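The values are calculated or read from the model by the stated rules, or taken from the named source; none is laboratory data. Because the structure is a prediction, the values reported are computed rather than measured. Cβ placement follows ideal geometry from the backbone for every residue including glycine, while neighbour counts extend to all protein chains displayed. For the accessible areas, the whole protein counts, side chains as well, though only heavy atoms, and no ligand, DNA or RNA atoms are used. Shrake-Rupley method; radii C 1.70, N 1.55, O 1.52, S 1.80 Å.
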Amino acid sequence: MSIRGSVLPVFSRSSRTSRIRFCTLGLEDVRTDDVGNVFGVCPDHARQMTKQAPAKQYTALSAHLDTVFPAGTPLNLRQHGSRLYGPGVSDNGAGAAALLAVAAALRAAKIALATPLLFIGNVGEEGEGDLRGMRHIFSQPKWKDSIRHSLILDGAGSDTIVAEALGSRRFEIIVRGPGGHSWSDFGMPNPILVLAHAIHTFSQTVLPTSPKTTFNVGVIRGGTSVNSIPESASMRVDIRSTSMAEMERLEASLRFAVEQAVEAESRSSERRSPSQKRSSGLTYEVVPIGNRPAGELDSNARILKVIRAVDAHLGNAAQIQRASTDANIPLSLGREAIAIGGGGVGGGAHTLQEWFDCTGRDLGLKRILLTLLALAGVAE
Ligand SMILES: [Zn+2]
């Protein structure tokens, strides 16, 4: 079956646009949830499902609708030959376009599926969105208990299978003190010294190479001038691992390092100026600013066997990859999920120079369609 198509115009990827596109493609039960995720069910099953709703029978096909770019970023979309240029054109224009193309192909071919297929345009995948859309879906009993397989379309390409969910935890640590004059108030506790001490201690934490676990102190802020004891200082820390246990261990180590550093600086400040009357001491906060759960697909999972068989059938070589995608949420819950590309080729993701080339996109689309047909089954 050839499902090669033109690049679909999905650049206005708001939830409202997706809803309209889902309706136009004949999906049924089209709805938007509280956070902006858009749902539609393959038509022959919307009716059946209202009669009987077998548990965990849905195959979900999703693509995130958000981009990393702030609202109002000029899109400045251009086409040169088979290439489109513009922010978000590949991540996740390619995924969203492929999702719509598959819905259109199923409709055109009038294929009746044995189990229901759920189309989802979800919000909040990127950055500080922190997988908000997918997290919300899998917190709802209606979906949590009925989605059996999740096929997630993210970006371009057809040569990867994301089956390992890289988890991350991110924190902002804010230390506050009374501040003061560098000369006349010498001895007052110094929040920047607390952070320096905490970073030193935390960075001594021994990390395993397997499961790979990493940390980064990515941002540090604080102080007003060279001759002022700062009133506050903060840092942002990123912890990543494929293992939830390792992330928890590293988080505990970070919290301990900060606590110890606050105590040490309080003691040092007393030593520096024992007679000084202090108006107030140090306080600190550890504020979580991101939390993506880790997980791994079982090597015997059906979804993995299916995509492998489809790739063999298409003569497509694909590598298993570890990444942080919408698949983190179902994978962390022990559900079967993979993230794959929407076909074609892309580059410059997360930059204003992002591009998408639809050459060879039919391979990616066939791969998605065949995987869905095998997962959902074709009705007799
Ligand atoms: Zn993406």
The alpha-carbon center of region 323-352 and that of region 57-119 are separated, in whole Å, by 13 Å
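Take every Cα-Cα pair in region 203-269 and report what % of them are more than 14 Å apart. Please report the intermediate quantities before stating the final value.
Working: 1487 of 2211 pairs.
In whole percent, the share of Cα-Cα pairs in region 203-269 beyond 14 Å is 67.
If I require 20 Å or longer along the helix axis, counting alpha carbons, and a Kyte-Doolittle average no lower than 0.0, what helices from the chain are left? Use full DSSP H segments.
Counting only whole DSSP H runs, the qualifying helices are 93-109, 361-376.
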Value of Rg/Rh across region 248-380 [Cα atoms, Kirkwood radius]: 1.28
Could you sort the peptides 60-67, 182-189 by per-residue average Cβ neighbour count (10 Å cutoff), highest mean leading? 60-67, 182-189
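Rounded to a whole number, what % of the accessible area of region 52-208 do carbon and sulfur atoms account for, probe 1.4 Å? Kindly include the intermediate steps, with their values, before the conclusion.
On the way: 3360 of 6140 Å².
With neighbouring chains kept in place, the figure for region 52-208 is 55 percent.
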Compute from the Cα atoms of the chain the Rg and the Dmax, the latter being the longest Cα-Cα distance, and quote both in angstrom. 25.1, 88
Counting pairs on different chains as well as pairs 8 or more places apart, how many Lys pairs in the chain have Cα atoms under 24 Å apart? 9
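Using a 1.4 angstrom probe on heavy atoms only, work out the carbon and sulfur share of the accessible area of region 332-380 in %.
On the way: 1070 of 1820 Å².
The computed percentage sits at 59.
With a cut-off of at most 14 other beta carbons within 10 Å, and DSSP calling the residue loop, which trypsin sites (Lys or Arg not before Pro) in region 146-239 qualify? Please list them.
Numbers: sites: ARG148, ARG169, ARG170, ARG176, LYS212, ARG221, ARG236; in loops: LYS212.
The qualifying sites are LYS212.
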